[in-house]
Amino acid sequence: MTSGATVIIGLGNDYRRDDAVGLYIARQLGTLLPSGITIHAIEQPGLSLCDLWTEAERVIIIDAVSSGAPGGTIHLLKADDHNFLCNNFRSSSHSFGLSETVALARALNQLPKRMLIYGIEGSDFSFGTGLSDEVKPAAEQVTAQIRALLNS
Amino acid sequence: MKNRTIKVDTLARVEGEGALYLRVKGGKVADVRLNIYEPPRFFEAFLRGRQYREAPDLTARICGICPVAYQMSAVHALEDAFGINVDGPLRALRRLLYCGEWIESHTLHIYLLHAPDFLGYDDAIQMAKDHRDLVERGLQLKKAGNEIVALLGGREVHPINVRVGGFYQLPHRQDLLRLAEKLKWAREAALETVRWTAGFEFPAFAPDYEFVSLSHPDEYPFNEGRIVSSKGLNIAVREFNDHIHEQHVPHSNALHAVMPGHEIYLAGPLARFNNNFTRLSPLVQEASRAAGLPGLCRNPFQSIIVRSLEVLYACDEALRIITEYEPPAHSVIDYLPRAGIGHGCTEAPRGLLYHRYEIDETGLIRDALIVPPTAQNQKRIEADLRQFVPTQLALPKDQLTWRCEQAVRNYDPCISCATHFLKLELEYE
């Protein structure tokens with residue numbers, strides 16, 4: 001990866017319906033964006049997430065959230081939106097989640113210059129594949145927004 | 001003393017969800033219950049009716065921290081059922097993969113989960129603000145372990161390259177040599193980690209444990225050996241269930257393991273270290289003596305030093321294996337599946353992990369039994385608290401609560417494996 005590069009990271013679980021929205025968008029963007037932009041679809045984030053943005057100038061992270069807002073709501077966040085990050089993204093006691101990883105990266109001065117986090121409100125986190133009717137249009141909208149952002 | 005209740009909503013820095021209840025009466029612990037309320041996960045039940053080939057990948061999904069242990073116990077049990085023995089370079093590569101898991105799992109616990117207890121921080125993020133170099137070293141060291149798992153296992157988490165009889169794909173020599181360069185750094189970092197943790201302050205506490213681990217005449221145990229204890233047990237892996245029984249207790253969704261006729265035993269790094277010290281490499285034995293542990297450690301709070309020594313060993317052993325590695329002709333040995341029962345026991349980072357499978361003539365799993373280390377250590381954690389808390393009653397309530405949590409973290413409990421945040425309730429009467 002060269003300095004100044006953009007890295008896009010989609011997070012989620014393919015088998016918990018709307019939780020897969022980050023993966024879905026990352027895969028969509030993979031077919032739409034010019035080369036030179038690194039895209040990752042990650043099912044097990046953990047601490048190794050930091051390794052994905054070493055030397056990156058700009059990082060865009062996409063993940064599902066559960067904040068109580070209507071399904072399909074798009075939350076556009078920055079790395080310092082600490083409270084929202086801590087309370088609304090899926091975390092696990094098995095490993096470091098997105099909020100802990102961002103907080104640790106900040107403490108270690110390893111945050112990229114620009115970090116944008118798209119949190120998409122899920123409405124169905126049950127077992128199974130496929131996005132819900134509320135989340136699918138939001139996924140298309142975020143895909144278009146990121147594409148426009150990178151072409152601007 | 002008046003009745004008091006302490007609640008910690010989330011005992012952070014353990015893998016899993018559970019609660020701890022402690023009632024103190026007249027200077028003694030009247031009741032202690034490690035309450036694992038994470039729902040049962042039914043792995044043994046849904047393995048039934050699946051093809052034997054699926055067991056290593058299915059059981060790897062039990063844990064994101066120690067999936068290699070599950071794969072290893074699974075393949076060894078199945079190979080036992082089929083009467084085959086994987087030896088030579090394939091055996092060495094499995095050992096190398098296990099080194100990777102010990103490095104990543106232990107380093108995560110040492111630097112990010114346990115060290116904050118000794119340095120007085122709520123968590124690793126707070127610690128990182130004051131000790132950036134230390135946390136960065138920990139992360140780099142952990143990464144070396146992850147890279148071994150990724151190379152041998154196909155990916156860092158829930159590896160997919162292990163199969164009955166060997167591997168799906170062998171590593172390329174140049175990739176192993178590249179790894180060796182990183183492991184040379186890791187070995188130095190591990191040595192620094194031993195020196196660092198040996199300088200922590202430890203509460204005086206040294207129960208007369210019965211240490212239970214694998215033991216092998218020629219090597220520090222990962223995959224093979226007899227099950228031995230510091231108090232006379234010496235049995236073959238297939239005899240595990242004759243001596244160690246699981247029982248249900250009302251306050252836990254994880255079965256408790258007991259060994260009738262023996263004390264409440266301890267599995268894990270301390271047990272391995274004490275039962276197998278002379279099989280550690282000279283470098284590790286020397287580092288151990290310099291750290292003040294010349295072959296015996298009974299203080300569970302010092303398990304952080306022992307884990308550091310095991311990380312050092314895993315780096316040293318990984319380098320030895322890579323140096324001596326001669327690629328085998330095939331990635332898997334020939335074998336014929338057959339009906340039978342097989343037993344496998346390997347040393348997961350947290351201790352002994354036993355699998356037993358009954359396979360039918362079509363290769364389907366008829367029955368499965370998995371006994372993880374944290375399930376075995378549950379009674380021991382409770383026994384430690386019963387013995388430790390009365391020595392700490394002069395502490396203010398908040399410090400006592402924290403000491404209790406630390407005593408639980410000594411075990412690096414993987415509650416999810418055993419059945420996930422610990423809620424602590426402390427009551428004085």
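Return a yes/no flag: does segment B:109-123 have any residue that is hydrophobic (A, V, I, L, M, F, W, C), within 11 Å of chain A (Cβ to nearest Cβ) and buried (at least 24 other Cβ atoms within 10 Å of the Cβ).
Initial filter on segment B:109-123 (hydrophobic (A, V, I, L, M, F, W, C)): B:110, B:112-113, B:115, B:118-119.
Right, trim to within 11 Å of chain A (Cβ to nearest Cβ) and you get B:112-113.
Imposing the further condition that a residue be buried (at least 24 other Cβ atoms within 10 Å of the Cβ) reduces the set to none.
Taking every residue of segment B:109-123 in turn, none turns out to be hydrophobic (A, V, I, L, M, F, W, C), within 11 Å of chain A (Cβ to nearest Cβ) and buried (at least 24 other Cβ atoms within 10 Å of the Cβ).
Taking interchain pairs and intrachain pairs at least six residues apart, which have beta carbon atoms under 7 angstrom, with the first residue in segment A:101-117 and within 8 Å of chain B (Cβ to nearest Cβ) and the second buried (at least 17 other Cβ atoms within 10 Å of the Cβ) and modelled with pLDDT of 90 or more?
Listed pairs, sorted by first residue: A:L104/B:A128; A:A107/B:A128; A:L108/B:A128; A:L108/B:V135.
Could we say that B:A150 is outside any strand (DSSP E or B) and out of contact with any Pro (no Cβ under 9 Å at 6 or more places or on another chain) here? It would help to see each step written out before you state the result.
Numbers: outside any strand (DSSP E or B): yes; out of contact with any Pro (no Cβ under 9 Å at 6 or more places or on another chain): no.
Criteria not met by B:A150.
Out of all the residues in segment B:193-205, is one or more within 20 Å of the chain's Cα centre (by Cα) and part of a loop (DSSP other than H, G, I, E, B)? Even if it seems obvious, please write down each step before you answer.
Taking segment B:193-205 as the starting set, the residues that turn out to be within 20 Å of the chain's Cα centre (by Cα) are B:193-194, B:197.
From the residues that got through so far, the ones that are part of a loop (DSSP other than H, G, I, E, B) too are none.
No, every residue in segment B:193-205 fails to be within 20 Å of the chain's Cα centre (by Cα) and part of a loop (DSSP other than H, G, I, E, B).
Table: residues versus (1) among the hydrophobic types (A, V, I, L, M, F, W, C); (2) at pLDDT 95 or above.
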| residue | (1), (2) |
| --- | --- |
| B:A81 | yes, yes |
| B:T107 | no, yes |
| B:K129 | no, no |
| B:G145 | no, yes |
| B:L151 | yes, yes |
| B:Y168 | no, yes |
| B:P171 | no, yes |
| B:L176 | yes, yes |
| B:K184 | no, yes |
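Give the number of residues within segment B:127-138 that are out of contact with any Asp or Glu (no Cβ under 9 Å at 6 or more places or on another chain) and within 8 Å of another protein chain (Cβ to nearest Cβ).
Residues meeting the conditions: 4.
What single numbered condition from (1) within 19 Å of A:Q44 (Cα to Cα); (2) surrounded by fewer than 21 Cβ atoms within 10 Å (Cβ to Cβ); (3) facing chain A (nearest Cβ under 10 Å) fails to hold for B:G154?
(3)
Tell me the strands (runs of 3 or more DSSP E) entirely within segment B:1-42 that contain at least 3 residues that are modelled with pLDDT under 75 and not small (G, A, S).
B:4-11
Quick one: would you say B:N275 is surrounded by fewer than 24 Cβ atoms within 10 Å (Cβ to Cβ) and in contact with a Ser or Thr (Cβ under 6 Å, 6 or more places away or on another chain)? Show your work before the answer.
On the way: surrounded by fewer than 24 Cβ atoms within 10 Å (Cβ to Cβ): yes; in contact with a Ser or Thr (Cβ under 6 Å, 6 or more places away or on another chain): yes.
Taking the combined requirement at face value, the residue satisfies it.
For B:V162, all conditions in the list (1) modelled with pLDDT of 95 or more; (2) surrounded by fewer than 23 Cβ atoms within 10 Å (Cβ to Cβ); (3) β-branched (V, I, T) hold save one; what is the number of the exception?
(2)
The values are calculated or read from the model by the stated rules, or taken from the named source; none is laboratory data. Owing to the predicted nature of the structure, the values given are computational and were not obtained by experimental measurement. Because the Cβ atoms are built from the backbone with ideal geometry, glycine has one as well, and the counts that use them run over all protein chains shown.
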